[in-house]
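Here's the structure, in structure tokens; my notes come after.
A short reminder: the numbers here are calculations on the coordinates, not readings from a lab. In this text, all values refer to a predicted model and were calculated from it rather than measured experimentally. Cβ: placed from backbone, ideal geometry, glycine included. Neighbour counts: every protein chain shown.
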Amino acid sequence: MTPGAHLLASWLIGEALHLPQRERRLVTLAGVIPDLDGIGIFADFVNSTRGRPTFYYDDFHHTVGHNLAFGLLVAACIYLLARHHRLLAMGAGLLAYQLHLLFDLAGSLGPDGDHWAIVYLYPFSRHLTLTWSGQWALNGWQNLSIFGLLFMGTFWVSIRKRYSFVEFFSPKLDKAFFALLNRWWPNKQVPSASAPQSQ
């Protein structure tokens, strides 16, 4: 599944639970942070241009950050960093994290036909390695359709609530955009002040 789909799905989880802004951002982070283990692709690219190829991406992506232990660590961090509804935020973060793994299990087939597996008990054991023979391509219509549905869902929520997933990157930018939108297209049903914010 694409990073954009992970981001939108995770943000919608935090929004559906009516979490404040800070906690929504933490839940969204939990849903995208597993892909941090793919950062080795940059080292692989640099090393290949130097004639010394490495395979950090192949060795570590979908392994180091895609397992139960890392998910529990992320959930614990959310509990420590959250200011409101700590248990709810932690549970939502763990749900977003597990949804990331499920999405990857369903739709991360490589262009060479290689099935991505989830080594769920890594680094303690490789016995519970999850795979699915029906895994669809990363750029398949299924992933594009899911992304489209998630985007429409976030758009609908954003128009009603006057805040969006952009807050994950910059709450100030998100707030400025909807302040401008309110001048052009006032929302009488849900005023912008109703957006739950962290104190």
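Lys and Arg at +1, Asp and Glu at -1: add these up for the other residues within a Cβ distance under 15 Å of T2 and post the number.
-2
Return the long-range amide H neighbours of V119 (sequence gap of 5 or more, or a different chain), with a cut-off of under 5 Å between placed amide H atoms.
L130
Starting from one equal scatterer on each C-alpha and no solvent at all, send me the Debye-based log10 I(q)/I(0) for the stretch 10-104 at q = 0.17 Å⁻¹, two decimals.
-0.69
Suppose every K and R has +1 on its Cβ and every D and E has -1 on its Cβ; what is the size of the dipole of the chain about the Cα centre, in Debye to the nearest 20?
1100 debye
Going by alpha carbons, how many degrees (0 to 90, nearest 10) lie between the helix axis of 171-184 and the longest principal axis of the chain?
Once rounded, one gets 50 degrees.
If r is the Cβ-Cβ distance from L80 to L149 and R0 is 25 Å, what FRET efficiency results, to the nearest 0.05?
0.15
At q = 0.12, 0.14, 0.15, 0.16 Å⁻¹, work out log10 I(q)/I(0) for the chain with the Debye formula, treating every Cα as an identical point scatterer and leaving solvent out; two decimals please.
-0.67, -0.87, -0.96, -1.05
Just want the ordering: T28, T54, from fewest to most Cβ atoms lying within 10 Å of their own Cβ.
T54, T28
Using helices alone, I'd like the mean residue ellipticity at 222 nm for the chain: each DSSP H run of four-plus residues gives -39500 (n - 2.57), total over residue count, nearest 500.
On the way: 8 runs with 111 residues, N = 199.
When only DSSP H runs of four or more count, the value is -18000 deg cm²/dmol.
Expressed as an acute angle from 0 to 90° and rounded to the nearest 10, what is the orientation of the C-alpha long axis of helix 40-49 relative to the principal long axis of the chain?
Value to nearest ten degrees: 60.
From the phi angles alone, apply the Karplus equation (6.51, -1.76, 1.60; θ = phi - 60°) to the stretch 97-104 and give each ³J(HN,Hα) in whole Hz, x where the residue is Gly or Pro.
Values, residue by residue: 5, 5, 5, 4, 4, 5, 4, 5 Hz.
Please report the relative contact order for the stretch 90-164, taking Cα pairs under 8 Å with a sequence separation of at least 6, and give it as a percent rounded to a whole number.
That works out to 24 percent.
Using per-residue counts of other Cβ atoms within 10 Å, averaged over each peptide, order 169-180, 86-97 from highest down.
Details: 169-180: 14.0, 86-97: 22.0.
Final packing ranking: 86-97, 169-180.
Take every Cα pair under 8 Å in the stretch 3-160 that's 6+ residues apart, average their separations, divide by the length, and report that relative contact order as a whole percent.
Relative contact order, the stretch 3-160: 23 percent.
Classify the stretch 71-180 as rounded, prolate or oblate from the Cα gyration tensor: take a ≥ b ≥ c as the square roots of its eigenvalues, call it rounded if a/c is under 1.5, otherwise prolate when a/b beats b/c and oblate if not.
Taking the square roots of the gyration eigenvalues as a ≥ b ≥ c, the stretch 71-180 is oblate.
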